[in-house]
Amino acid sequence: MNQGPTSTAPGVAARSWVRGIDRRTAFAGLLTALTRCLQQQERDTLALRKAFEQALTHVLPIRWAELRDVPFATSAARPIPDTVAVPVPTSDPARPITLQARIEAGRTLSEWDQQALRTLAHVAALLVEIERTGARSRPSPALAAVRPDGAAPLIGSSPAMRALRERIERVAATDFTVLVEGESGTGKELVARHVHDLSRRAAGPFVAINCAALVETLFEAELFGIEDRTATGVRGRRGKFEHADGGTLFLDEVSDLSMSAQAKLLRAIQDLSVERVGSCGARRVDARIVVATNRSLSELADRGLFRQDLFYRLSGVEIRVPPLRTRREDILELATYFLGRHRAVRRLDLTPAAADALLLYDWPGNVRELERITEGVVALAHGDHIDLDDLPPAIRGDYAEILLPSLTRGETLRAWGSRYARLILERCAQNKRQACRKLGISYHTLQAYLRYQPAGGAGECRDVPEWPEEAANELAPCRAAETPDDELGGGASGRQPIEEVNTSVDGTGGAGTNDPPERVAQQW
């Protein structure tokens, strides 16, 4: 009989031997779960992937595992703490897959664990091929990369998204009621689904309902159910609370409920029991409640538009989903993900100009707006590369209004620098010292820009775009009156004026100590 590895510490050897048995058992369980999914009459390839991800948590010391439709280089370039990523070998280089796993707190992956993870990446490659060969059973090839559980679309490597994922993991370990707040389109339902998938209720149902779409007269029947023959022709049915028994009930836009509906919901959440319409008794339900709103419930409660008692029942465990404009570093990653989802229809890439326009836009509709814009570009783009002209006018905005005309006219960087320097000087009430501070250049460089004359002739200057209101407000303090000695030309203070230079931006003129044109361009 094998007694395990030889060691000077019997306790360590015994524990290592037990871990070896557990690992072999976990591998057997993983293969058994995959085999059962493959033997189903109606094979669900997405359920196969989910079973694989859940089984990995029993094989390795990890909290969760996920097959993401992103390149391995993207995950390696922006590593997430306590997370390991392994590339999955696939037959289609245009659709890369990465296996990501979150290591348990205080644990590290041993050499054996790392080798096992790399081996399991090949098993994941087999599952991916099974998914792609079974794509004909899905509604549309364009949806081949879409997962209905909502976990995968939590895309982003910014600090805000890392903090969001960590908070979701901590909240998922409990059964408390969760309040998810965020602007419309930020992905509140995806956060709720992620909480469900990481909780002990992952095998149970996830039931979502939009409270804003509920009819007041049918509120109780929809949420609590109705007994058979309560009225003529009415058939009994369960409500959303009973459908979510053993799982999670997600109530979206809870702030849109009427005051009477809020009172009924409060009783159900407090007692975790519902009474069907026409029934005489209550029914206990075991469901976790997750609510979401795009408005601040605390402000609504202070204004008397939301019940204080219901607010205190829902608040306490809160998750705030950041808007897209506060995590701009995730915009291109999201855009690449959305484009990758539609590669079966059309393969497109972003040009640098289009990428800059996406980064400058404020995205009032958040991730939902970005997704719809991507779908429109996929349908209407003229070539294989997404250019600035392929984006909607609202996205191009000031970027196209200011840059494209100059690009069409073939203007130089010197012309741009001269125009912008004059504009800043005007906004600073002709105060050259203040203008130099705003521009971040020396006085000599400013003088060179001011001496430069555009190609249209001496003294002629083309029209500049209208000054944005935000920038005008930012520079408003420059207009304040300053003492005469603040002017860089001498004055009543008796200071000696700074020596004027005679060299222009194009390098012509008399001798002087001004920066050469190349230096000016680099500084600008």
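The values are calculated or read from the model by the stated rules, or taken from the named source; none is laboratory data. Keep in mind that this is a model prediction, so the values were computed, not measured. Every residue, glycine among them, receives a Cβ derived from its backbone with ideal geometry; neighbour counts consider all protein chains shown.
I'd like the full set of residues that are touching a Cys at 6+ places or on another chain (Cβ under 7 Å), among the acidic types (Asp, Glu) and outside any helix (DSSP H, G or I), limited to segment 249-278.
Listed by number, the residues that qualify are Asp252, Glu253.
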Check on Ala33, among the aliphatic types (A, V, I, L, M), touching a helix residue (DSSP H, G or I) at 6+ places or on another chain (Cβ under 7 Å) and modelled with pLDDT under 75: yes
From the list Arg409, Arg396, Arg419, exactly one residue is basic (Lys, Arg), modelled with pLDDT under 85 and exposed (fewer than 13 other Cβ atoms within 10 Å of the Cβ). Which is it? Arg409
Residue check, Ala292 without any contact (Cβ under 8 Å) to a residue 40 or more places away in the chain and either closer than 18 Å to Thr177 by Cα or part of a helix (DSSP H, G or I) (or both): no
Assess whether Leu305 counts as being of a type in the set (A, V, I, L, M) and assigned to a helix (DSSP H, G or I). no
Could you list, in sequence order, all residues of segment 262-297 that are farther than 12 Å from Phe224 by Cα and surrounded by 15 or more Cβ atoms within 10 Å (Cβ to Cβ)? Gln262, Leu266, Ala287, Arg288, Ile289, Val290, Val291, Ala292, Thr293, Asn294, Arg295, Leu297
Does Asp384 satisfy the condition of being of a type in the set (Asp, Glu), touching a residue at least 12 places away in the same chain (Cβ under 8 Å) and assigned by TED's automatic domain parsing to the domain that holds Phe338? yes
Out of Leu305, Leu380, Leu332, Leu339, which single residue is under 18 Å from the mean Cα position of the chain (by Cα), surrounded by fewer than 18 Cβ atoms within 10 Å (Cβ to Cβ) and modelled with pLDDT under 95? Leu332
I'd like the full set of residues that are outside any helix (DSSP H, G or I) and surrounded by 17 or more Cβ atoms within 10 Å (Cβ to Cβ), limited to segment 344-364. Ala344, Leu348, Leu350, Tyr361, Trp363
Restricting attention to segment 308-328, which residues are among the aliphatic types (A, V, I, L, M), closer than 30 Å to Asp245 by Cβ and buried (at least 18 other Cβ atoms within 10 Å of the Cβ)? Leu310, Leu314, Ile319, Val321
Examine segment 167-182 for a residue that is part of a helix (DSSP H, G or I), surrounded by fewer than 20 Cβ atoms within 10 Å (Cβ to Cβ), basic (Lys, Arg) and modelled with pLDDT under 95, and state whether such a residue exists. yes
Can you confirm whether Pro352 is out of contact with any helix residue (DSSP H, G or I) (no Cβ under 9 Å at 6 or more places or on another chain), not assigned by TED's automatic domain parsing to the domain that holds Glu189 and not aromatic (Phe, Trp, Tyr)? yes
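Table: residues versus (1) assigned by TED's automatic domain parsing to the domain that holds Leu314; (2) farther than 19 Å from Thr293 by Cα; (3) acidic (Asp, Glu).
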site	(1), (2), (3)
Ala202	yes, yes, no
Val207	yes, no, no
Glu227	yes, yes, yes
Gly247	yes, yes, no
Ser258	yes, no, no
Taking only pairs six or more apart or across chains, which ones have beta-carbon atoms under 6 Å, a first residue in segment 178-197 that is touching a residue at least 24 places away in the same chain (Cβ under 8 Å) and on the phi < 0 side of the Ramachandran plot, and a second residue that is outside any strand (DSSP E or B) and among the polar types (S, T, N, Q)? Leu179/Ser315; Glu183/Asn294; Glu183/Asn366; Ser184/Asn294; Thr186/Asn366
Go through the residues of segment 303-323 one by one and say whether even a single one is polar (S, T, N, Q) and touching a residue at least 60 places away in the same chain (Cβ under 8 Å). yes
